[in-house]
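The values are calculated or read from the model by the stated rules, or taken from the named source; none is laboratory data. Computed from a predicted structure; not experimentally measured. No Cβ is skipped: glycine too gets one built from the backbone with ideal geometry, and neighbour counts run over all protein chains shown. Only protein heavy atoms, including side chains, enter the accessible area calculation; ligands, DNA and RNA are left aside. Shrake-Rupley method; radii C 1.70, N 1.55, O 1.52, S 1.80 Å.
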Amino acid sequence: MSKLRRILITGAASGVGRALSLDCCRLGWQVAALDKDAEGLDALHAAAATEDAGVVPWLLPAEFSELDHDDADVVAEALAREFGGLDAIVHLAFEFGTAFPLENYPQALAKKLFDANVLGPLALTQSVLPLLRESRGVVVFSGDSVVDDGAYWGFYGITRAATEYLARMWQAELADSGVSWMRFDLGQVGTGLRSRVLPGALRSEAEASEAAARRLFERIDQSLAGPGGHGFSPSEEDDQSLRTSKNAAFMEDET
């Protein structure tokens, strides 16, 4: 049985974030659920309250495109006060914007996406890092291999690339911190966003949010259970959505 943990999940009101939050609540983990969708967070709380585990998420309504260091510090202080620390942060929140060609991409939208997808996660990670150092915890950045071809993904694709490089820099600079750094490729998940972005795609070809969340939970749980509380190396039987990097600290997509 997995040890009870404390986890902060962004983008928790829908999709994989919602499913992961409910999975953690069912197992008795302390869950801080952050999302800009306050109604979605209330629905998550109501869903968790119907479970037998008796654990409900702590709700944090927040808009990542407006999150600054002061806001992030307030979140970190609240986590220390309410949970006594933090074992994992999972970055699943992101803004998609629109698929304008770069030639016509609105500057205001580009700035909003960069603030939401890069600077917001940067500020939040900086603020909770002392808690993660203490627990020898894990930081998870979601990846999206669908944008690898580049063209017409607009600033969404650019911010995804920036986030991946950001995670690599964290890992390189803090390799001896005791904190693990993980990239989880969401792949083709059947969410409402996927239907809007790829209207011709078949839902049957996509993985359910619950299944993707279960894969992600297993990675986090095994990472935290490793030597010193971090450092998970996938087995050969893994589905290869992750692989361990040379120094066994940062995990990236293999495809």
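Kindly provide the set of residues from region 67-78 that are modelled with pLDDT under 95 and open to solvent by less than 60 Å² (accessible area, probe 1.4 Å), ordered by number. The one that is modelled with pLDDT under 95 and open to solvent by less than 60 Å² (accessible area, probe 1.4 Å): LEU67. Scanning region 97-116 for residues that are in contact with a Ser or Thr (Cβ under 8 Å, 6 or more places away or on another chain) and crowded, with 17+ Cβ neighbours inside 10 Å yields a total of 5.
Picking from ALA76, ALA99, which residue would you name as being under 16 Å from ALA33 (Cα atoms) and either among the charged types (D, E, K, R) or in contact with a helix residue (DSSP H, G or I) (Cβ under 7 Å, 6 or more places away or on another chain) (or both)?
Details: ALA99 fails: under 16 Å from ALA33 (Cα atoms).
Within the list ALA76, ALA99, the selection yields ALA76.
Kindly indicate whether any position in region 155-166 is among the hydrophobic types (A, V, I, L, M, F, W, C), closer than 18 Å to ILE9 by Cβ and either within 17 Å of the chain's Cα centre (by Cα) or at pLDDT 90 or above (or both).
So the first thing to find is which residues in region 155-166 are among the hydrophobic types (A, V, I, L, M, F, W, C), and the list is 155, 158, 161-162, 166.
Then drop every residue that is not closer than 18 Å to ILE9 by Cβ, which leaves none.
Within region 155-166, none of the residues are among the hydrophobic types (A, V, I, L, M, F, W, C), closer than 18 Å to ILE9 by Cβ and either within 17 Å of the chain's Cα centre (by Cα) or at pLDDT 90 or above (or both).
All of (1) open to solvent by less than 20 Å² (accessible area, probe 1.4 Å); (2) modelled with pLDDT of 90 or more hold for PHE64 with one exception: (2). When GLY40 is tested against (1) at pLDDT 95 or above; (2) within 16 Å of SER209 (Cα to Cα); (3) touching a Gly at 6+ places or on another chain (Cβ under 7 Å); (4) not aromatic (Phe, Trp, Tyr), exactly one condition is not met: (3).
The criterion of at least 1 residues that are of a type in the set (S, T, N, Q) and under 23 Å from LEU131 (Cα atoms) is met by the following strands (runs of 3 or more DSSP E) wholly inside region 1-88: 6-10, 30-35.
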